[in-house]
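Worksheet: one structure, shown below.
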């Protein structure tokens, strides 16, 4: 056997082995348990990379505001990708509640207990100041309710639409916080420049 043939055989053997392992991890009960343990030990995004899927990247501010949202959203997304479209909406609905309530707490740290006990509707209307975030979150709330009931009010919309509205809310929250950071920086510079001016008078 030539060196080239040996290399080709080695490559083919590794490829077949990887394929068998992939099938084992994806399809068998023990494989799914192994997959869950790998994800627990090495992280969810690592498991996505193992199976050739891009990791889910959340904006840094969203990870700070609600790490639990990031975890629940990821699990709902994996459920949807696995074809469990009848139950992934429940996960997205839970993710939405954590995102909005954690954001409300982030903005209103003195009202933590009230926010935790409030309904999602009340939380959106009372504690979220940005109109665009309120609008996208409220529409997501409507679809979230549909995912838990026997009869749907919005039959032409499904869990993927709920996910899309959550994605919009995430983007709007990120932009709102970036805007707030910029405004704070401008205010600090204004105050520093005013001090300089008064010092020269």
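The values are calculated or read from the model by the stated rules, or taken from the named source; none is laboratory data. Keep in mind the model is a prediction, meaning the values are calculated, not measured. All Cβ positions, glycine included, derive from the backbone under ideal geometry; neighbour counts span all protein chains shown.
Things to note:
- A Cβ distance below 6 Å, combined with a sequence gap of six or more or placement on separate chains, defines the contacts here; from the range 99-125, residues that are modelled with pLDDT of 95 or more reach residues that are surrounded by fewer than 13 Cβ atoms within 10 Å (Cβ to Cβ) in the pairs 105/112.
- Residue check for residue 95: surrounded by 11 or more Cβ atoms within 10 Å (Cβ to Cβ), part of a helix (DSSP H, G or I) and either modelled with pLDDT under 95 or in the same structural domain as residue 71 (by TED's automatic domain parsing) (or both): yes
- Qualifying residue in the range 155-163 (condition: within 16 Å of residue 121 (Cα to Cα) and crowded, with 19+ Cβ neighbours inside 10 Å): yes
- The residues in the range 79-89 that are in contact with a helix residue (DSSP H, G or I) (Cβ under 8 Å, 6 or more places away or on another chain) and either more than 17 Å from residue 146 (Cβ to Cβ) or surrounded by fewer than 24 Cβ atoms within 10 Å (Cβ to Cβ) (or both) can be counted, and the count is 4.
- The number of residues in the range 146-175 being in a helix (DSSP H, G or I) and touching a helix residue (DSSP H, G or I) at 6+ places or on another chain (Cβ under 8 Å) comes to 14.
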